[in-house]
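Read through the structure below, which is laid out as structure tokens, and then see the notes.
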Amino acid sequence: MPERKERADAVRNREAVLAAADVLFARSDSPRGVSMDEIAAAAGVGKGTLFRRFGDRTGLIQALYEARIQPVFEAVQSGPAPLGPSTPPRERVPALLDAVLRFKLDNRHLALALEDAGSGSPYGAGHYAWWHRTLKEALEQIGPTPAADFTAHALLAATRADLVEHLAGEGHVTPDQVRQDLACYVAQVLGDHGNG
């Protein structure tokens, strides 16, 4: 059966809701502080439309997060260096982690709200499994890695939204410094990775 094409008004409504949520979330300390009523009013749609389309606030946050991160996913899956699959793995691993970190720095409140939606754990989110698998595969390409699974988890832990918020928000560390610190950490891990 052919895939049913979404109606033009449904596409328009979805885009209006995502744009309204994006603006309201950016103005708020947390996406949790923005009501679904506020989003529906700003988007010019009924609250019922919002709930039918996204289910709940977490579904809306997830949809907005996915819309924002899609270009990064595409760059990792089929783009050029330094993120694309043809990049040598020792160069790709730090680039992948920097891409995750930059995304979370640019979308701190959204990333934090999404990680919180998984009972305080990011590990149940589909995007986390994808990043972990991609990073683990790149680590395995570097050389024999009996702990590639754990190493991928440990490296991704350095990009958790709550840590990013602690450093860049509460700790007042500049985004450039956070990125430099992550790059240093990754270089230290990769210095021994595959050599022992």
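The values are calculated or read from the model by the stated rules, or taken from the named source; none is laboratory data. Since the structure is predicted, the reported quantities are computational estimates derived from the model, not experimental observations. Neighbour counts are summed over all protein chains in view; Cβ atoms, including those assigned to glycine, are modelled from backbone coordinates with ideal geometry. What goes into the accessible areas is simple: the full protein's heavy atoms, side chains included, and nothing from ligands, DNA or RNA. Shrake-Rupley method; radii C 1.70, N 1.55, O 1.52, S 1.80 Å.
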For this session: Output the residues belonging to region 138-173 that are loosely packed, with under 14 Cβ neighbours inside 10 Å and closer than 15 Å to LEU190 by Cβ.
Result: GLY143, PRO144, ALA147, PHE150, ALA154
Problem set entry | Positions within region 119-137 being surrounded by 13 or more Cβ atoms within 10 Å (Cβ to Cβ) and either acidic (Asp, Glu) or out of contact with any helix residue (DSSP H, G or I) (no Cβ under 9 Å at 6 or more places or on another chain) (or both), in sequence order | GLU137
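Each row is one residue, and each column tells you yes or no for (1) open to solvent by 50 Å² or more (accessible area, probe 1.4 Å); (2) assigned to a helix (DSSP H, G or I); (3) under 18 Å from LEU114 (Cα atoms).
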{"site": "ARG14", "(1), (2), (3)": "yes, yes, no"}
{"site": "ALA40", "(1), (2), (3)": "no, yes, no"}
{"site": "GLY48", "(1), (2), (3)": "no, yes, no"}
{"site": "PHE51", "(1), (2), (3)": "yes, yes, yes"}
{"site": "GLN77", "(1), (2), (3)": "yes, yes, no"}
Exercise. Would you call ASP106 within 20 Å of the chain's Cα centre (by Cα), over 20 Å from GLU74 (Cβ atoms), surrounded by fewer than 16 Cβ atoms within 10 Å (Cβ to Cβ) and among the acidic types (Asp, Glu)?
Worked result: no
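If I filter region 79-102 down to residues being open to solvent by 20 Å² or more (accessible area, probe 1.4 Å) and outside any loop (DSSP other than H, G, I, E, B), which single residue comes out as nearest to THR174 (Cα to Cα)? Quick ask: steps written out before the conclusion?
Initial filter on region 79-102 (open to solvent by 20 Å² or more (accessible area, probe 1.4 Å)): 80-83, 85-86, 88-92, 94, 98, 102.
Cutting the leftovers down to outside any loop (DSSP other than H, G, I, E, B) gives us 89-92, 94, 98, 102.
On the way: PRO89: 28, ARG90: 26, GLU91: 24, ARG92: 24, PRO94: 19, ASP98: 15, ARG102: 12 Å.
Selected residue: ARG102.
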Problem set entry | Residue among LEU24, LEU18, LEU96 that alone is closer than 30 Å to ALA152 by Cα and among the aliphatic types (A, V, I, L, M) | LEU96
